[in-house]
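S.K.: My questions all concern the structure below.
The values are calculated or read from the model by the stated rules, or taken from the named source; none is laboratory data. Keep in mind it's a predicted model, so treat the numbers as computed, not measured. Heads up, the Cβs are rebuilt from the backbone with ideal geometry, glycines too, and the neighbour counts pull from every protein chain shown.
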Amino acid sequence: MAGLLELFPFSRLYVADVDALRGEAPQWTALEAVRSAAPQLSLWIDAAIRSNADLLEVARRGTPVLASEALSAGEAEQLLRHCPNAVLSLDYLGDRFLGESSLLQRLPHFAADLISMNLARVGSDLGPDLERLAALRQLAPGCRLYAAGGVRDAADLRRCRQAGAAGVLVASALHEGRIGRAELQGLV
């Protein structure tokens, strides 16, 4: 955490609670440790939210991320009514949407913040799914759209911006040093 904050003054951190996503107990202690270590960061927390109780637990610690693969369109809509600032992650595995197709048709009525996540590209260095980003931009022109999966370098960050992304979820390229302080400052 400290290394990332030394690299750049990020304002937001996406946290995937992998244990919760696998159906195990959420890592509340670890999330609290992140919150304590960097109280200035806004945390987007993906922790397999499926109910109002889950939503409230996550919302106490940060901004809930709702995953399309875990919820029906009706469930997502109901949870967003309870927490309008929640982020909706539209998850794909390659070309296959992981969720109900009606969710995509109703996007303009959902969250203001959407993540375009291609799980097949996460950690793959295949580059971001710019075609999917453009398609979602057409479906939800009023939403802030965040790209996730496959970012290799600063050129990919620029391509995401040109494709209409409000931001990008990046991990491997930062940890491996392919995107550094100079590249990040050049994008601001």
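S.K.: So how many residues does the range 147-179 have that are farther than 19 Å from Ser11 by Cα and surrounded by fewer than 21 Cβ atoms within 10 Å (Cβ to Cβ)?
M.R.: Of the residues in the range 147-179, 10 are farther than 19 Å from Ser11 by Cα and surrounded by fewer than 21 Cβ atoms within 10 Å (Cβ to Cβ).
S.K.: Which condition does Pro9 not pass, out of (1) under 30 Å from Leu187 (Cα atoms); (2) assigned to a helix (DSSP H, G or I); (3) over 18 Å from the mean Cα position of the chain (by Cα), if it passes all the others?
M.R.: Pro9 satisfies all of (1) under 30 Å from Leu187 (Cα atoms); (2) assigned to a helix (DSSP H, G or I); (3) over 18 Å from the mean Cα position of the chain (by Cα) except (2).
S.K.: Return the pairs, sorted by first residue and then second, in which the second residue is in a loop (DSSP other than H, G, I, E, B), the first residue lies in the range 31-60 and is among the acidic types (Asp, Glu), the beta carbons are less than 9 Å apart, and the residues are 6+ apart or on different chains.
M.R.: Within 9 Å, the pairs are Glu32/Arg61; Asp46/Asp17; Asp54/Pro26; Asp54/Ala47; Asp54/Ala48; Glu57/Pro26; Glu57/Ala47; Glu57/Ile49.
S.K.: Applying the selection to the range 164-185, what residues are among the hydrophobic types (A, V, I, L, M, F, W, C) and in contact (Cβ under 8 Å) with a residue 60 or more places away in the chain?
M.R.: Result: Leu169, Leu174, Leu184.
S.K.: Taking the range 125-155 only, how many residues are charged (D, E, K, R) and either more than 22 Å from Trp44 (Cα to Cα) or touching an Asp or Glu at 6+ places or on another chain (Cβ under 6 Å) (or both)?
M.R.: Qualifying residue count for the region: 5.
S.K.: Residues Leu169, Leu145, Leu126, Leu133: which one is out of contact with any helix residue (DSSP H, G or I) (no Cβ under 8 Å at 6 or more places or on another chain) and within 30 Å of Gln78 (Cα to Cα)?
M.R.: None of the others qualify; the one that does is Leu169.
S.K.: OK, next. Report whether or not Ala134 is touching a Phe, Trp or Tyr at 6+ places or on another chain (Cβ under 9 Å), under 21 Å from Leu93 (Cβ atoms) and modelled with pLDDT under 95.
M.R.: In short, no.
S.K.: Gly164 fails exactly one of the following numbered conditions: (1) under 20 Å from Ala47 (Cα atoms); (2) in contact with a strand residue (DSSP E or B) (Cβ under 7 Å, 6 or more places away or on another chain). What is the number of that condition?
M.R.: (1)
S.K.: For the structure I just gave you, tell me whether Ser11 is in contact with a strand residue (DSSP E or B) (Cβ under 7 Å, 6 or more places away or on another chain), loosely packed, with under 13 Cβ neighbours inside 10 Å and not hydrophobic (A, V, I, L, M, F, W, C).
M.R.: So Ser11 passes the test.
S.K.: Oh, and also: Within the range 93-114, track down each residue that is assigned to a strand (DSSP E or B) and either modelled with pLDDT under 95 or out of contact with any helix residue (DSSP H, G or I) (no Cβ under 7 Å at 6 or more places or on another chain) (or both).
M.R.: Leu93, Arg96, Asp113
S.K.: Of the conditions (1) out of contact with any Gly (no Cβ under 9 Å at 6 or more places or on another chain); (2) under 22 Å from Val188 (Cα atoms), Leu43 satisfies every one except a single condition; which number is it?
M.R.: All conditions are met except number (1).
S.K.: Separate question: In the range 123-134, what residues are without any contact (Cβ under 8 Å) to a residue 40 or more places away in the chain and either in a loop (DSSP other than H, G, I, E, B) or closer than 15 Å to Ala166 by Cα (or both)?
M.R.: Ser124, Leu126, Gly127, Asp129, Leu130, Leu133, Ala134
S.K.: Being over 19 Å from Gly99 (Cα atoms), under 16 Å from the mean Cα position of the chain (by Cα) and part of a loop (DSSP other than H, G, I, E, B) is the filter here; which residues of the range 29-60 pass it?
M.R.: If the condition is that a residue be over 19 Å from Gly99 (Cα atoms), under 16 Å from the mean Cα position of the chain (by Cα) and part of a loop (DSSP other than H, G, I, E, B), then Leu41 is the only one that fits.
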